[in-house]
Each structure stands twice: as structure tokens, then as C-alpha cells.
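Written out below as C-alpha cells is the structure these notes cover.
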Amino acid sequence: MKRPNVLIELDAAATPNPAALDAAAGCGDEWTASMNPKFNLVDTAEGLQPLLAEIALHETVAVDTEADSLHHYREKLCLLQLGVGERQWIVDPLAPLALGELARLLERRELILHGADYDLRLLHRTFHFKAERIFDTMLAAQLVGRPRIGLAALVEEYFGVVLPKKGQKADWSRRPLPAELLEYAADDTRYLEAAKVRLREELAAKGRLAWHGEICRRQIAASRQTRQIDRTESWRIKGGKHLTGRAAAVLRELWHWREEAARRADRPPFKIASNEFLLHWAQWIVEQPHATLEEAPERPAWLVGSRLKSFNGALATALALPRAAWPGPPPARGGPRRALDEELLLGRILAARDKIARRLEMDPGVLGSREALREVVRRRPQTAPAPDEGGGLMDWQLELLMPAILPIMKEGEDGPAAAGIAQMGDEPTSLDGADT
Ligand SMILES: [Zn+2]
């Protein structure tokens, strides 16, 4: 039966206590979130204490997070779900709560996460969180070669439970959150520990536990690094990458207008204006390269007030730019033009990788990404790299791939055979003279 969609107050002060929870399970409409039998809500300092005590008793904690990037310009942590033993806890990081002690305690536990990358980065940004040990169920599912690696798919296959999807687009920064959304959030950690047991067995049966350990350690290290994103080329959105000259100038200016409007409104950029809308204006210049502001198409009815004013300003700026200030041609994909023999070698290595992946019944990208293999080709190793020196490749990947890669490298030194082109990968390559 569906529960009534009760709005619960997140500032309810009651400390969850198991007896009250059991009683609440039978009493229909009366329950509130802090009495919900399906999870404990933590949004007060008093409510936090039993959680800390519980975590201290357990070696392993299941973890998930929810953020609000679909609804705000600057993403923030909105919920922290924890599965400790049999019980699910939902911590409200937006409540006036000091969570430093909780974070430090969690760092010393083994954490089970599904697709840890995003959660760990968010936790690192929020609490300077440094996980020590994780078990990533998604990476495990990939490694054992499961065709469906989403949490819902795993839960359905292992436990016959179908998880609802309604929370996927929710605004987790809203308060109070409807009880059914909180229940949905609690389900994200409910099955992780049991799924770990199953996946661990499968990894062990295939002799891949050590591989998984290495991937998880990589994941931890990656989450502690702040990604440097080069924003100078971000305006080249999908559908507009080929634009040059004045049309590119219009797209670049309007893209910056959208970012600024999004920042001011604390909304994600796609809620200010769609990519199609920006491209529509660039397309206008493609069709009329010498158009003036007076000839501009009408602005849509939803664009009003100060946002219309700033849009008109950006458009006027773009149209007035002298030729010298137009954007240059887009940077070549993957950096400088790649040498022919490099492409040939990569194509042969990718083919070898695919063959090994088939034998192992895993996705080739899991065995070694195209980018990591390209790096190998650039370095031209004549012997297998020492452990930890594999660049983008982990040790278990080196072990599996190098016996196939080294002979290809050696042959490659004797000069590339033009006949090899036919075996190249699926990526379009830019060969000298090919685009004239
Ligand atoms: Zn979740």
C-alpha cells in the first residue's frame, strides 16, 4: 500500500528510539519522519548522538548522498544517507548541525558506495572528507562483467525488489522533504551491504578481488584531487563546436550571458535558456553573416525584464566585435595532430584489448580506456612499466595488457604498414591531407 504523502517537519526534535519506531509502524497516519520505521532522520545534535554510537559499533557503513545540481547553480550536499547494520539513517546537512565528528568517524570505516566517484568528491568538497577504504558496488559489477550495473538493476536481480524512480529529479534542497522522497533516499543505502556480499563472492570466484581493490584505491585518490576545468572553451557546446567567426562570437557571448544569469539566480544554466536557444542565435549569423542588431529576430516571450536587458546587451556586444576579437578555430581534438603511426599502433592495441576483454567477459573500457592506451602508445615502452608507473593504467590492467602490447610496440618500430589502416579503431582520425 502507498503511504499518504505526509509533509514532515525536518526540525522535529524527537530522538529516534527503536521502541517508538516499532510502535509507529502500526499506527497509520500518525507517524512522522523521525518515527519512520524505514529510517532514522538526523537533523538535531541530540539525534546525531545515537548515530555516532551506532557507527562506532560497526566496521562497515553504506553511504550515499543527494545534491541539488539540477536545481541550483552551485551544487551542495543536501542529504547524507547511511546504512549501519540493519538500520538506515538520513542525515540532513542543511540543518544546523556540526557534522565534523561524523565525517571523521566515517573516514575510518570501510564505506560501501555505488559509483563512489561523485559521492566522494562531494564529501571531500563539503567536509574535506578523506575515505580510507571503500567497496564500490558499481565498479565491482563492471569487473565481474554484469550487463546491467545500475543499483536498481542489481537490487532487482539479487533480491527481487523493484526500487521506485521518483526521486531522481527531486530538488533535494527543499525543506520539508516529503516522506516518500526520504523513503526513496533511504533505499539507496538499504541493499548495499547485501549487494557487496554477493559481488564479493563473484569477484572471488573470478579471481578479481585484487583488481577491485586497486580500482577502489584509485577512486579514493581521484576524489581527493580538485579537477581543474578549463572554462575558456566551455562555450563550444554540443551542436556549436564547428562554428567559426562571427557566429562563434555570438555563441560565446550568449553562453557567458547565460552563465552569469544562472549564477545570479542560483539556477542551473539549462533552466535559464536551453542550448538550442543559444544555437538558434548563432545559426542566425551563419545564415546572415553581416546582420546588424536592428535585423535581429524577435526575442521569445519568456525573456523579460532585466534578463532581457542583459541578453540584448550581450547580443549587441557580440555583433559589434571586430574580426580580430572573434574566437579562433576550435582546438584540435586530443591536442596536436596525431601522427599516422601512432594511430596505427593504437588501433592494433585496441583490437588486442577487445580480444582480451571478450575472453574475460568484461567491457573493454573497464580493461583499459582508450585515453590510457593512447598514453601508452605515446611513451613507447619497450619493457613492461614497473608497478604504479603505468600512468592511466592500473597494475592489474598492465598485467593483462602488456603481454599483448609489447609485441605490437616492437613491430611498430620497424615502420608502420599502411595496410594496418583497415584495422584501426572506430574513432575518426585526422590524417594529413585527409580533410582537403
Ligand atoms: Zn541516491
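Descriptive notes on the structure:
- Across the stretch 241-255, not a single residue is classified as within 29 Å of ASP171 (Cα to Cα), at pLDDT below 95 and not aliphatic (A, V, I, L, M).
- Considering (1) farther than 12 Å from ASP64 by Cα; (2) surrounded by fewer than 20 Cβ atoms within 10 Å (Cβ to Cβ), the lone condition that ASP117 does not fulfil carries the number (1).
- The one condition from (1) of a type outside the set (Val, Ile, Thr); (2) within 15 Å of the ligand (Cβ to nearest atom); (3) within 13 Å of PHE127 (Cα to Cα) that TRP89 does not meet is (3).
- The residue pairs whose first member lies in the stretch 65-91 and is within 17 Å of LYS271 (Cβ to Cβ), whose second member is more than 15 Å from the ligand (Cβ to nearest atom) and of a type in the set (Ser, Thr, Tyr), and whose beta carbons are closer than 9 Å, counting only pairs six or more residues apart or on different chains, are LYS76/THR126.
- Condition met for ALA67 (in contact with a Leu (Cβ under 7 Å, 6 or more places away or on another chain) and assigned by TED's automatic domain parsing to the domain that holds GLU214): yes
- Test result for ALA419, over 29 Å from ILE220 (Cβ atoms) and at pLDDT 90 or above: no
- Number of residues in the stretch 154-200 that are within 12 Å of the ligand (Cβ to nearest atom), β-branched (Val, Ile, Thr) and not in a helix (DSSP H, G or I) equals 0.
- The residue that is farthest from the ligand (Cβ to nearest atom), among those in the stretch 68-80 that are touching a Phe, Trp or Tyr at 6+ places or on another chain (Cβ under 7 Å) and modelled with pLDDT of 95 or more, is CYS78.
Conditions tested, residue by residue: (1) within 21 Å of the chain's Cα centre (by Cα); (2) loosely packed, with under 13 Cβ neighbours inside 10 Å.
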residue: ALA152; (1), (2): yes, no
residue: SER173; (1), (2): yes, no
residue: LEU199; (1), (2): no, no
residue: GLU202; (1), (2): no, no
residue: ALA222; (1), (2): yes, no
residue: THR226; (1), (2): yes, yes
residue: ARG231; (1), (2): yes, yes
residue: TRP235; (1), (2): yes, no
residue: LYS238; (1), (2): yes, yes
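- Which numbered condition ASP266 misses (of (1) on the phi > 0 side of the Ramachandran plot; (2) in contact with a helix residue (DSSP H, G or I) (Cβ under 9 Å, 6 or more places away or on another chain)): (2)
- Restricting attention to the stretch 102-152, the residues being under 20 Å from LEU360 (Cα atoms), assigned to a helix (DSSP H, G or I) and among the aliphatic types (A, V, I, L, M) number 5.
- Flag for ALA116 being at pLDDT 95 or above and under 23 Å from TYR184 (Cα atoms): yes
- If you go through the stretch 52-67 and keep only what is surrounded by fewer than 22 Cβ atoms within 10 Å (Cβ to Cβ) and within 13 Å of the ligand (Cβ to nearest atom), you end up with just ALA67.
- Residues (within 29 Å of the chain's Cα centre (by Cα), surrounded by 15 or more Cβ atoms within 10 Å (Cβ to Cβ) and not basic (Lys, Arg)) located in the stretch 364-381: PRO364, VAL366, LEU367, GLY368, SER369, ALA372, LEU373, VAL376, VAL377
- Reported count of residues in the stretch 174-200, each being β-branched (Val, Ile, Thr) and free of Cβ contacts under 8 Å to residues at least 24 places away in the same chain, is 1.
The values are calculated or read from the model by the stated rules, or taken from the named source; none is laboratory data. Small disclaimer: the values here were computed from a predicted structure and weren't measured. Backbone-built Cβ (ideal geometry, glycine too); neighbour counts: all protein chains shown.
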